[in-house]
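One structure is given below, encoded as structure tokens.
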Amino acid sequence: MAKQSADQQIIRAGDRILEREELVKLALAIGLEKKAVRPVALDLRPQGAFTEYFAILSATNARQVAAVAEEIRLFFRDQLGIQPVSIDGREAKTWILLDYGFLFVHVFQEPTRELYALEQLWSKGTFIPATEEELASLLAEVKAALPKSVEGESFSEAQL
């Protein structure tokens with residue numbers, strides 16, 4: 001049986017199946033939990049782009065850019081079983097890109113975000129509405145759906 005790519009596999013949090021748009025929002029929610037700001041989700045499918053979605057976040061400094069990107073990467077890997085195809089920008093830490101094939105997660109320092117202006121560059125994409133409250137609620141739902149260890153901790157918390 002051929003291994004499924006992230007584009008083909010069904011992503012679950014426990015018994016809950018996550019739609020791709022929910023994964024975009026989940027990346028934003030995880031970033032907000034690490035104090036990222038200005039979350040934006042874009043649906044690029046109508047544009048025929050090289051990916052289906054962008055999740056864009058800002059952080060105040062290089063350390064926070066790295067921390068936000070790493071938190072998203074670890075949650076997706078440990079809780080959802082999704083690995084990025086590639087990760088770019090870890091050295092400079094002004095813009096880290098997590099490439100999941102169907103989803104590009106961009107974590108910027110604010111000056112770099114303003115310089116590249118992805119929201120304007122891809123303005124023909126559809127902005128996916130999501131309030132910070134909705135994102136926090138989604139993250140709480142997904143965490144609640146994850147399998148618990150004997151001690152009542154989630155899988156990744158038990159590994160720490």
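The values are calculated or read from the model by the stated rules, or taken from the named source; none is laboratory data. All values reported here derive from a predicted model rather than from experimental measurement. Virtual Cβ from ideal backbone geometry, glycine too; neighbours counted across all protein chains shown.
Among the numbered criteria (1) at pLDDT below 95; (2) within 20 Å of V37 (Cβ to Cβ); (3) buried (at least 16 other Cβ atoms within 10 Å of the Cβ), which single criterion is violated by Q120?
(3)
So R38 clears everything in (1) surrounded by fewer than 16 Cβ atoms within 10 Å (Cβ to Cβ); (2) modelled with pLDDT under 95 except one condition, right? Which one?
(2)
Collect the residues in the range 59-73 that are more than 15 Å from G101 (Cβ to Cβ) and surrounded by fewer than 23 Cβ atoms within 10 Å (Cβ to Cβ), keeping them in residue-number order.
If the condition is that a residue be more than 15 Å from G101 (Cβ to Cβ) and surrounded by fewer than 23 Cβ atoms within 10 Å (Cβ to Cβ), then T60, N61, A62, R63, Q64, A66, A67, E70, E71 are the ones that fit.
Residues are listed down the side, and each one gets a yes or a no for (1) closer than 19 Å to A29 by Cα; (2) touching a residue at least 40 places away in the same chain (Cβ under 8 Å); (3) outside any loop (DSSP other than H, G, I, E, B); (4) out of contact with any His (no Cβ under 7 Å at 6 or more places or on another chain):
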| site | (1), (2), (3), (4) |
| --- | --- |
| A66 | yes, no, yes, yes |
| A69 | yes, no, yes, yes |
| I82 | yes, yes, no, yes |
| R113 | yes, yes, yes, yes |
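Which one of these does G81 not meet: (1) small (G, A, S); (2) touching a helix residue (DSSP H, G or I) at 6+ places or on another chain (Cβ under 7 Å); (3) surrounded by fewer than 16 Cβ atoms within 10 Å (Cβ to Cβ); (4) at pLDDT below 95?
(2)
More than 22 Å from F127 (Cβ to Cβ), free of Cβ contacts under 8 Å to residues at least 40 places away in the same chain and not in a loop (DSSP other than H, G, I, E, B): is that true of R12 in this structure?
Considered against the rule, which asks whether it is more than 22 Å from F127 (Cβ to Cβ), free of Cβ contacts under 8 Å to residues at least 40 places away in the same chain and not in a loop (DSSP other than H, G, I, E, B), R12 comes out as no.
Of everything in the range 96-111, what is in a strand (DSSP E or B) and within 18 Å of V24 (Cβ to Cβ)? Give them in sequence order.
Once the filter is applied, which keeps residues that are in a strand (DSSP E or B) and within 18 Å of V24 (Cβ to Cβ), the range 96-111 yields I96, L97, L98, D99, L103, F104, V105, H106, V107, F108.
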